[in-house]
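> Pasting a structure here, questions to come.
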Amino acid sequence: MEYLAHTLNLAFIFVVLTVSLNLILGYGGMASMAHAVFFCIGGYISAIVTLNLGCNFLIGVLMAVVATAAVGGALAAPFIRVQEEYLILFTIAFQMVVFHLMMSLYNITGGDSGIFGVPSPRLFGIVFDTPVRFLPLMTIFVIVVYYVAFKVTKSPFGRVLKGIREDERAVSSLGKNVIQFKVIVFMVGTGIAAGAGGIFAHYTQFISPAIGSLDESILIIAMVVLGGTANLWGSALGAFLLIIIPEILNFLPGASDLIVPLRGFIYGALLIIFMRFRPEGLIPEYFHLKRTERGRQKAGISSSPKVMDVGTPKAYQAEPGSEGPILEVKGLSKSFGGLKAVDDFFMGLERGKITALVGPNGCGKTTAFNLVTGFLKPDGGHIRFRDKSITNLPAHKMPQIGIARSWQDVRIFQGMTVLDNLLIARQNQSGERLIKLFAMPWQVKREEQENRKAAALYLNWVGLGEKGFEIARNLSYAEQKLLAIARLLTTEAQVLLLDEPSSGVDPNWVEQFMGIIRDLAASGKTICIVEHNLEVVRGISDTVYFMAEGRKMAQGSADELMADPKLGEIYFGV
Amino acid sequence: MLITVKNLDVGYRDKQVVFGASLNVDVGEFISLIGHNGAGKTTLLKAVCGFLKTEGGQVIYKGADITNRSPAVNVKDGLSFVHQEKSLFPNLSVLENLQLAAYAVGKAADIERRLKVVYGLFPILQERERQMADTLSGGQQKQLAVGMAILVEPELLLLDEPSLGLSPNLVKDLGGVLKEIQKMGTAILLVEQNVKMAISLAQRIYVMRTGQIILEDTHDNMMNRENLWDLF
Amino acid sequence: MSLFLLLLTRGIITGSLYALLGVSWGIIYNTTRTFHFAHGFIYTLTSYIILLFVGISVPLIPSLLFGLLAAILAGCLVEYLAYLPMRVKNASQLSIFLTAMGIMIAGQSLIHLIFGPDSRPLTGFPEHIISFGMITFTTIDLFTVVLSWLVIGLLFAFLGRTKAGMMIRAVSSNPEKATFIGIDSRKIFVLVFGIGSFLVGIAAFLSTLDKPANPHIGLGALLISFITVFLGGVGSLKGAVLGGMILGVAESLVIIVLPTEYKMMVTFFILFLVILIKPEGLMGKKNA
Amino acid sequence: MKKVKFIGFMVSFVFMLSISFGFSADAKEFKFGQILAMSGSGSWYGMTMERGTSIAVDEINKDGGVAGYQFAYVVEDHKSGLTTPAQNAFRKLTSIDKVPAILSSFSAPTLSIMAMAKQKNIIVFNGGASSPKLTNIPYLHNTRMLGDEILPFTLKYLWDKGYKTMATIYANQTAPISLNDAGKKYWESLGGTVVSEQMHETGATDFTSEASVIKAKNPDIILCPSTGLDVGYVIKAVRKMGIKAPVCGTEHSGDMEKVTGDASEGYLFASEFFDVNSDDPWTKSFVKAFKTKFNEDPDFYAANYYELTYILKDLVSRVAAKGGDPYDGAQLEKAIWDDPKFKSIYGGYIKFNKNGTCEKPVVLFEIKDGKPVIIKKRK
């Protein structure tokens, strides 16, 4: 039944497009209005390659995928930093520019009437030139795409993406290069789209810019949104609906000239209704239920105590330390506009000791903190860690070398399970590199097991062992603070910088947190806190640095400093 | 009592910040609320004024329960608030800012007189009448913010860290102005990180730590304390 | 040289219309931060309402008034029924944008269904050619420039002098504070949508005088209107005006250096660069 | 819940397919397909073309069909030149309606289906598009004179009137581009000069800056081989800029008149001449039938598709006479070459050439008070 087959093929092509856009929009959190363009480019590359080199269509499609992914990456790199409206704008602009370019460069693209006579797919002597013959090929393609998509999203890589959508800064504070992840997922998405374009060109033996118009891009977005963002099955559903409905309309007698507007009206209306009443789409991202259940089995750890007491974390052997401070700050300075926030600041963190930064408001504590953790670039001065200079090291490199920070507002990933919150924090996971993810799945699997063990370990240590599969959102605030600490430990970092560990904690809990921080120090971690609650500072800090106007005013034990009337004046004003 | 706050609980979503705080301000009284950063002073203030929803306790103003009443209504009722920042319209002229403030209470009628009062306190504002607010210096912006707040002739003026980012002598001037405002019969509830200033201005002082009010004491007792560290 | 002058005139004529489009979208975006994609639909709608009345032999001016009325009504309804509820649920920028897009698509399809796809000229305005040596333009061109700047002028006067205008500026410059001093931002939003739609209605009228309307004219107008805003700088209506003039003139003059088929691309290319190099726009503030 | 809804769609979908099967299974019916612009900017063309066909089919069936076959047609939409819809339409026509012959229009859609047509032996006739790209394609026959054959006729006329310099402006579409080249070559071969060539975006509406350039070059004549509304906007802009030079092109349509208004006065274009006042009896009857059904005169598009339907009729009878199967496109294709001359609604005969082109009477029109008027004929 050729027509049915053809319609299926067409629907499948759009399923692929929708899935690929979903990777970008749903999982990468980037609204791309230019997806059809990549689809079209892919088609052209494959067509031109096969026509001129006379090679097999697979090679053409492959080249299309690679080349377009490269283009996508090059495009993504600059615009990924800009915020949502600008992203939409930017991609619209790109869409229009490229589309008009394809129309105008007619001696390459054939202009409006495109390139005609693209060779049909041919494998082992079989020519897939009719819709029916082509269907199996198409089906395989769809299956492959789905395999890739699932591999990408339901993996450590996907876990990081999810994290990025929840809180970018938190992710980079856990040692992940956010930009890199986004660019990669954008490349994957565009690559797949290009593949679809190539296949499509060979299937219809024809390619023209018409399939790369803004309308097509909008149609694809509509499909994703209708189906449900960040849900791969939803994408398929969305695509089928918006392809099949108009095809059915085609059978309405004499409605021929009404179909275009009718179809437009229908999916316009659908968009409105869905955004208004069901923004999560037909099949929403049932993250919690599904994932946690599967998590339970995969984890190989149940909530039963037996497996849970896995001994003490290895971070607990205080490292055989060379002498001197493990982290040293020399003459650090940073100014915003005219204002010198941090000015020639000195500080050293002793191994296994707790150092506190105090000072009146706007004295530069937080700035200094951000400088040390790489979230700000210093204007001058040096930061040395284990006698290596780490000045200008970007934030996401810090945890990898053993420096990790916490956040005042916990910044845990609300939508993810407690366990996943911790797993993200593991450093250098092969599962976060797509090559390894596909090349050596066994290794990824093994690592994942180990990571889960380690995670479980710290989870127990902070006393959340029973909650491993809860959604973080459902924890009490105090528990979330504990989770944040566990997540910090999971990075195995040696130096921990805690931003206001006591803020927002129920007074009765303060004691407990002070206890935990002491234990950490006792276990050999080096700790630096920025804390306004002087009670806490007095309670736990070995050394206190008193800052004012971005400089170190004094250094010593809490009591020494508070005995000094001069500091009192600075702190309490005159 | 002009306003009485009874063990108020305030928080953002699941994170509670203020735990059962109670305080009161009498007519024409000058009260300061001090404490370390993140102790919950600002949060408490905003809750009193209706910017944040309370989770427990109540606020009684002029005998009526105004818990969770919208700020817009409160300001009409003489409960004026000066935010830490963003308390004026950057792209509007000084005059327009003041006019809008007057509009808030719908008493634009005798605006001329009110403007005189404000200009009396802050002459600089008159000079800069036509200037865009965001072209003013930090200190002048603060003055404008306070000016807008008192333009409505409030009975209770809530100030959130007005001295933030001001040079020491500007802080002194500000202190003076606040005293004058009090003389006009406006009660003031001041949240300050400049503790000395807060104490010296106020008749009574409340101290907060990690979300609780740990101390209420008089001006004199606070002045005579040999050190304040243990309150922070 | 004379060619340059000629093209410059064309650029100024087009630019004036673009400037009008720019402020019409800009006032909405600056105040409500809503990516009002449905603006294009309002544009198309106005043209067709005007045509409808002219079609039943109502004179031009009354028809125009009906058109503008419809525009204002539609604009306010879109805000009130579509955007407002979503903002209340604090929906993401993207989902509001998609809703707007839905309205745009559904709307123009509806117009297509009712009025059919063919183009409809708007007759009744006396069109004569005026020329000073090389410089040539028509009465319609002249009318376009005059009316555009008149309306823009009135808008700025309204914003600057009236109380309502002051409130609008207040809301766009500091929403929280505005609500605090008792301005009902919802009302202001609806008002702003009304104004924006009125302005875009005028623009629609002017361009329909020159070129017949079809159900798809909205998209082009929409693209221009938000490009000018982002080009000129978010938060600054003057910027939008500037952006409009720049676009108009650029589109016209580019013909000297580039093959004409690239004319349309130029617009988007400019935008492309601005976002890359100066995201806050020509006259926008960094934080805006 | 939602899944159920989706399954519902699939079911109804398949159901509808089976229905349409039922129809196509009907015996002794000759069904052919049409892929026309039923929607979008060019829907005006689709409408008039289908009118032509419908009249022919009615007539044929009224006198008992041909060789026992009743004629029937299915119209599909390529949305004014889009290719994917055209391909979908082709798949539907050939697999559901099982048509052996398709009447197509517009260059891009026609080209986009020819690969499949050759594969499945579907004979395709184009009576609308005039792009030279449509020649030498197996199974494709044009009953419209292709632009580059007509254009010289127009240009020669202008040359003889003593015009020397020409400016061209044309859409970035296949047909206009190649027409521009053809026109330019011919004009220069006559000894004229081309002072400026400008390509424009298809679907653009503001041509004043292009017109400014032309004004600056001040040519004797302007050639605009663009299609559809573009021509209208170009003419409008040119006149707006106060340029008096005559404009010539290859297209004219009622929709275009709406754009130009009276600016189209004096616009020259050559095309097949369909003379509604011809005394040829067949023409007379067609015009009469058309007038009575749609109360307006048929234009040459309507005529072309009317004519095409009759050409199909002849082919069917030829095949049937040989005892062949008219549902086999290959046999229809072969039947053409038994005698490539067919009776033409234009009077006389239309002759198919091996390269897919045809020969027909052509005349030159000039717009006078909004109506095309013949000013020169070519036999």
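> Inspect region A:177-198 for any residue being touching a residue at least 24 places away in the same chain (Cβ under 8 Å), in a helix (DSSP H, G or I) and of a type in the set (Lys, Arg) and give the result as yes or no.
yes
> How do the strands (runs of 3 or more DSSP E) wholly within region D:202-287 filter down when requiring 1 or more residues that are more than 28 Å from C:Ser131 (Cβ to Cβ): which remain?
D:268-272
> I would also like to ask the following. Among (1) in a helix (DSSP H, G or I); (2) buried (at least 20 other Cβ atoms within 10 Å of the Cβ); (3) more than 14 Å from chain D (Cβ to nearest Cβ), where does A:Leu10 come up short?
Every condition holds for A:Leu10 apart from (3).
> Quick one: would you say B:Thr210 is of a type in the set (Val, Ile, Thr) and within 11 Å of another protein chain (Cβ to nearest Cβ)?
Judged against the criteria, B:Thr210 is a match.
> Could you list, in sequence order, all residues of region B:160-207 that are within 14 Å of another protein chain (Cβ to nearest Cβ), touching a strand residue (DSSP E or B) at 6+ places or on another chain (Cβ under 7 Å) and within 17 Å of B:Gln84 (Cβ to Cβ)?
B:Asp160, B:Glu161, B:Pro162, B:Leu190, B:Val191, B:Glu192, B:Val195, B:Ala198
> Then there's this: Among the residues in region C:205-213, are any away from chain B (no Cβ under 14 Å) and part of a loop (DSSP other than H, G, I, E, B)?
Scanning region C:205-213, I find at least one residue that is away from chain B (no Cβ under 14 Å) and part of a loop (DSSP other than H, G, I, E, B), so the answer is yes.
> When you scan region B:129-232 for strands (runs of 3 or more DSSP E) that lie fully inside it, which ones turn up with 2 or more residues that are more than 17 Å from the chain's Cα centre (by Cα) and polar (S, T, N, Q)?
In region B:129-232, the matching strands (runs of 3 or more DSSP E) lie at B:212-218.
> Which pairs have Cβ atoms under 9 Å, sit 6 or more apart or on different chains, and link a residue in region A:111-134 that is without any contact (Cβ under 8 Å) to a residue 24 or more places away in the chain to one that is among the β-branched types (Val, Ile, Thr)?
Note: pairs meeting the criteria are A:Arg133/A:Ile126; A:Arg133/A:Val127.
> Among the listed residues B:Leu174, B:Leu144, identify the single one that is at negative phi and at pLDDT 90 or above.
Of the residues listed, the single one that is at negative phi and at pLDDT 90 or above is B:Leu144.
> Among residues belonging to region C:160-185 that are touching a residue at least 60 places away in the same chain (Cβ under 8 Å) and not small (Gly, Ala, Ser), point out the one that is nearest to the other protein chains (Cβ to nearest Cβ).
So, considering only residues that are touching a residue at least 60 places away in the same chain (Cβ under 8 Å) and not small (Gly, Ala, Ser), the one nearest to the other protein chains (Cβ to nearest Cβ) is C:Val171.
> Can you find even one residue in region A:203-224 that is in contact with a strand residue (DSSP E or B) (Cβ under 7 Å, 6 or more places away or on another chain) and either at pLDDT below 90 or closer than 28 Å to A:Arg133 by Cα (or both)?
Yes, because at least one residue in region A:203-224 is in contact with a strand residue (DSSP E or B) (Cβ under 7 Å, 6 or more places away or on another chain) and either at pLDDT below 90 or closer than 28 Å to A:Arg133 by Cα (or both).
> Separate question: Go through region B:1-112 and tell me which helices (runs of 4 or more DSSP H), entirely inside it, have 3 or more residues that are more than 19 Å from C:Asp184 (Cβ to Cβ) and under 18 Å from the mean Cα position of the chain (by Cα).
B:41-49
> Please work out if D:Pro225 is surrounded by fewer than 22 Cβ atoms within 10 Å (Cβ to Cβ) and of a type outside the set (Gly, Ala, Ser).
So D:Pro225 fails the test.
> Given the conditions (1) under 14 Å from B:Val94 (Cβ atoms); (2) not in a helix (DSSP H, G or I), and given that B:Leu125 satisfies all but one, which numbered condition is not satisfied?
(2)
> Tell me yes or no: at least one residue of region C:228-248 is part of a helix (DSSP H, G or I), within 12 Å of chain D (Cβ to nearest Cβ) and β-branched (Val, Ile, Thr).
no
> Can you name the residue in region B:75-93 that is among the aliphatic types (A, V, I, L, M) and under 20 Å from C:Met167 (Cα atoms) and is also farthest from the other protein chains (Cβ to nearest Cβ) among such residues?
Among them, the one singled out is B:Val82.
> Given the criterion more than 14 Å from every other protein chain (Cβ to nearest Cβ) and on the phi < 0 side of the Ramachandran plot, identify the matching residue among A:Thr91, A:Thr130, A:Thr109, A:Thr139.
After applying the criteria, what remains is A:Thr139.
> Between residues in region A:257-278 that are more than 7 Å from chain C (Cβ to nearest Cβ) and residues that are at pLDDT below 75 and outside any helix (DSSP H, G or I), which pairs lie under 6 Å by C-beta distance while being six or more apart or on different chains?
Here the result reads A:Asp257/D:Ser39; A:Val260/D:Ser39, each pair linking region A:257-278 to a residue that is at pLDDT below 75 and outside any helix (DSSP H, G or I).
Let's see how each residue does on (1) touching a helix residue (DSSP H, G or I) at 6+ places or on another chain (Cβ under 6 Å); (2) in contact (Cβ under 8 Å) with a residue 60 or more places away in the chain:
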residue: B:Asn68; (1), (2): no, no
residue: B:Glu85; (1), (2): no, yes
residue: B:Ser93; (1), (2): no, no
residue: B:Gln99; (1), (2): no, no
residue: B:Arg113; (1), (2): no, no
residue: B:Tyr119; (1), (2): yes, no
residue: B:Glu127; (1), (2): no, no
residue: B:Met132; (1), (2): no, no
residue: B:Glu161; (1), (2): no, yes
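> I'd like to know if region C:265-281 contains one or more residues that are on the phi > 0 side of the Ramachandran plot and at pLDDT 85 or above.
Taking every residue of region C:265-281 in turn, none turns out to be on the phi > 0 side of the Ramachandran plot and at pLDDT 85 or above.
> Which residue is surrounded by the fewest Cβ atoms within 10 Å (Cβ to Cβ), if the candidates are limited to region D:147-180 and must be polar (S, T, N, Q) and touching a helix residue (DSSP H, G or I) at 6+ places or on another chain (Cβ under 9 Å)?
D:Thr165
> What helices (runs of 4 or more DSSP H) lie completely within region C:82-181 and have 3 or more residues being under 30 Å from A:Ser32 (Cα atoms)?
C:84-88, C:93-115
> Give the residue that is modelled with the lowest pLDDT, with candidates limited to residues of region A:239-269 that are buried (at least 22 other Cβ atoms within 10 Å of the Cβ) and within 14 Å of C:Thr99 (Cβ to Cβ).
Out of the qualifying residues, it is A:Tyr267.
> Any idea which of (1) touching a helix residue (DSSP H, G or I) at 6+ places or on another chain (Cβ under 9 Å); (2) among the basic types (Lys, Arg); (3) modelled with pLDDT of 90 or more is the one D:Lys133 doesn't satisfy?
All conditions pass for D:Lys133, except number (3).
> Okay, moving on. Residues that are in contact (Cβ under 8 Å) with a residue 60 or more places away in the chain and more than 13 Å from chain B (Cβ to nearest Cβ): find the helices (runs of 4 or more DSSP H) completely inside region A:478-573 holding 3 or more of those.
A:507-522
> Residue check: is D:Lys284 within 12 Å of chain C (Cβ to nearest Cβ) and either surrounded by fewer than 18 Cβ atoms within 10 Å (Cβ to Cβ) or more than 22 Å from D:Cys358 (Cβ to Cβ) (or both)?
The answer is no for D:Lys284.
> Is there a residue in region D:77-99 that is over 17 Å from D:Ser317 (Cβ atoms), at the interface with chain A (Cβ under 9 Å from one of its Cβ atoms), among the basic types (Lys, Arg) and part of a loop (DSSP other than H, G, I, E, B)?
There is at least one residue in region D:77-99 that is over 17 Å from D:Ser317 (Cβ atoms), at the interface with chain A (Cβ under 9 Å from one of its Cβ atoms), among the basic types (Lys, Arg) and part of a loop (DSSP other than H, G, I, E, B).
> Could you tell me which numbered condition A:Thr366 fails, if it satisfies all but one of (1) over 16 Å from A:Glu492 (Cα atoms); (2) without any contact (Cβ under 8 Å) to a residue 40 or more places away in the chain?
Result: A:Thr366 passes all but (2).
> Oh, and also: Looking only at region C:74-83, decide whether some residue is within 11 Å of chain A (Cβ to nearest Cβ) and closer than 30 Å to D:Met241 by Cβ.
Checked region C:74-83: no residue is within 11 Å of chain A (Cβ to nearest Cβ) and closer than 30 Å to D:Met241 by Cβ.
The values are calculated or read from the model by the stated rules, or taken from the named source; none is laboratory data. Remember, predicted model here, so these are calculated numbers, not experimental data. FYI the Cβ positions are ideal-geometry reconstructions off the backbone, even for glycines, and counts take in every protein chain you see.
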